[in-house]
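Right, one structure below, let's go through it.
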Amino acid sequence: MIQGIGAAAGVAIGKAFVLPNWEWSLPDTQVNPVDLAKEFERLYEGIRTSKDEIEFIKREFREVVGPEESSIFDAHLAILDDPVFMSEIRGIIERQYKAAEVAVKEAIDHFVAMFDLLDDEYMKERAVDIKDVGNRLLKHLLGAPEVTLPSDTQPYILVAKELSPSQLAHLNPTYVLGIVTMMGGKTSHSSIMARALGIPLVAGLENKLPNPIQTGDLLVMDGESGSIQVHPDEDTIKNFASIRDKQHKKREQLELLATVEAVTKDGVSLRLAGNISSVKELNIALKYGAEGVGLFRTEFLYMDRDSFPSEEEQFEVYKLVAEKVSGSTVVIRTLDIGGDKHLDYFQLPEEQNPFLGYRAIRISLDRKDMFKTQLTAIMRASVYGNVKMMFPMISSVEEVQAAKAVLEEVKAELTQKGIPFNPHMPVGIMIEVPAAVMIADLLAEEVDFFSIGTNDLVQYVLAVDRMNEQIAHMYHPYHPAVLRMIRMTVEAAKGADIDVSVCGEMAADERSLPLWLELGISELSMSPQALLKVKHRTLNTLASDAREVAKACFKHRTSTENEKQLSAFACKSGIPLGTSGTSKEGK
């Protein structure tokens, strides 16, 4: 048994295919000064070709996993536009009279070495993105062919020193049983993409293997624990095969719950809605039994294009989503860019900490023209279904009032033009920052509902960037401060008699169910892939028991105590699939 890092869960058994290292050894070629213009033209043509190729990969990958994960390739496009990286390449060509491919190789090596010196695993893994983009550019400058994967239909476990997002995007999940990499960790872009594709991945095996893995070697791997075995014996193969088959059977059985209502064993109902970024994701959510849309991330309508979407384009999408959910609620969040989400055609200022900077509602209120276009499209779609709207990143009453004032302008303009809309469409806000929690009672007087965005709330409450490997262990959703913030928000909503729901990873975590039952939250919104797991947990839980567990959690002093108690209860109430949880037909 060899221990690595579990980066994407799942068990795989199969023969290895070892991906050759994409390494370049180039002569230190110099060019005649009179030919420098030709080298620059070769460089710029290679950049244009690389950009076109990345855009194509991004579109293809988006069709498989949706826009959020495919936005990883925005970082690759940004590298090709990065003035520091490009200046380094141009400087080597211009000052040292080196060929374009040599300059690119030297620039890659320089920046990768610089990133590797940083004492930050997250930043080190960004070196993979630089190598990926640089190697793509080198490939075009040299006219080199792509490294090809097996062309037959025999499934395999892919083994590589490191796997770039571009290489992973070309994989066919049908034939890739699992992935093993020598480098990388949980926060690498390739790990994020593997999880989105449902491919098990074990990373971080550098210097841990007694002998290099060869193509054709039989492997067993567990992407959750991070373990692999090379040339396992028959008993090991049988054991892993049993675990794998149980996992597959569990997935199949969970799908039987799609049409079953989420009700606890003692009759408490929950509404489980989907978080979506596109119509394609909506279809997946509905397939898994989502009761409407709890969070429509509209920013992805603004991506993968050269300009802002028109009112008509947005209206057609919002209308289609409202009609497809057949009367269930659709909660549309207004544009939430900034932080880690950028638009190629909208230049945001350079900021030391963009997550605390110019983003979300702050941009919308600053760009009133853009904001009004979106609000108009949403209002026009409001007559085609049960549509609600909410504003992100709210931290003051003034922001809510300013946003509502713009909305009133839109309503007046639509009335003047005779265009129908729902004048009583509910308007809410996301509770994502501590300031909003502390004035939740005041904010509740201004809106019709709250949606607690747990991902950002946890990070802002604890001042922990969960993508930073050095402090990721401090990211505790069950920290007493987080639980108190959530409870304060719910109490403020109840005091004002407005609805409150929860979205984000805590909503999708089955262990959190006792908290929602105790707080009286009846609506959760989550990624489509989490819907059936949470529903299964709900069907096999006694709300009365769960509430007692939650009451204890609200008294605990540490995250560890809370996590331990919630995990223990989840295991205790985990009745096997196929029993009482699957017999509530249509209930």
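The values are calculated or read from the model by the stated rules, or taken from the named source; none is laboratory data. Predicted, not measured: the structure shown is a model, and the values here were computed from it. Positions of Cβ are generated from backbone atoms using ideal geometry, with glycine treated the same way; all protein chains shown enter the neighbour counts.
Anything in segment 302-334 that is in contact with a Pro (Cβ under 8 Å, 6 or more places away or on another chain) and closer than 21 Å to Ala403 by Cα? List them, or say none. Scanning segment 302-334 gives Tyr302, Arg333, Thr334. Go through the residues of segment 228-242 one by one and say whether even a single one is in a loop (DSSP other than H, G, I, E, B), out of contact with any His (no Cβ under 7 Å at 6 or more places or on another chain) and surrounded by 15 or more Cβ atoms within 10 Å (Cβ to Cβ). The answer is yes; a qualifying residue exists. For segment 343-355, the criterion of being among the aliphatic types (A, V, I, L, M) and either part of a helix (DSSP H, G or I) or at pLDDT 95 or above (or both) is met by no residue.
In this structure, Ala472 does not qualify as buried (at least 18 other Cβ atoms within 10 Å of the Cβ) and among the hydrophobic types (A, V, I, L, M, F, W, C). Are any residues in segment 68-108 of a type in the set (D, E, K, R) and in contact (Cβ under 8 Å) with a residue 60 or more places away in the chain, and if so, which ones? Selection gives Glu68, Glu69, Asp74, Lys98, Glu101, Lys105. Scanning segment 193-218 for residues that are hydrophobic (A, V, I, L, M, F, W, C) and either out of contact with any His (no Cβ under 8 Å at 6 or more places or on another chain) or outside any strand (DSSP E or B) (or both) turns up Met193, Ala194, Ala196, Leu197, Ile199, Leu201, Val202, Ala203, Leu205, Leu209, Ile213.
Does segment 81-102 include one or more residues that are at pLDDT 80 or above, within 30 Å of Leu282 (Cα to Cα) and either assigned to a helix (DSSP H, G or I) or not assigned by TED's automatic domain parsing to the domain that holds Ala37 (or both)? No, every residue in segment 81-102 fails to be at pLDDT 80 or above, within 30 Å of Leu282 (Cα to Cα) and either assigned to a helix (DSSP H, G or I) or not assigned by TED's automatic domain parsing to the domain that holds Ala37 (or both). Evaluation of Gly294 against the conditions (1) assigned to a helix (DSSP H, G or I); (2) surrounded by 14 or more Cβ atoms within 10 Å (Cβ to Cβ) shows that the sole unmet condition is (1).
The listed residues are Val410, Val397, and the only one of them that is without any contact (Cβ under 8 Å) to a residue 40 or more places away in the chain and in the same structural domain as Glu523 (by TED's automatic domain parsing) turns out to be Val410. Candidates in segment 413-428 are the residues that are over 21 Å from Ile361 (Cβ atoms) and of a type in the set (A, V, I, L, M); of these, the one that is surrounded by the fewest Cβ atoms within 10 Å (Cβ to Cβ) is Ile419. Mind checking whether some residue in segment 222-233 is in contact (Cβ under 8 Å) with a residue 12 or more places away in the chain, in contact with a Ser or Thr (Cβ under 9 Å, 6 or more places away or on another chain) and acidic (Asp, Glu)? No, segment 222-233 contains no residue that is in contact (Cβ under 8 Å) with a residue 12 or more places away in the chain, in contact with a Ser or Thr (Cβ under 9 Å, 6 or more places away or on another chain) and acidic (Asp, Glu). The condition of being touching a Ser or Thr at 6+ places or on another chain (Cβ under 8 Å) and either of a type outside the set (Lys, Arg) or at pLDDT 90 or above (or both) holds for only one of Thr329, Thr259, Thr264, that being Thr264.
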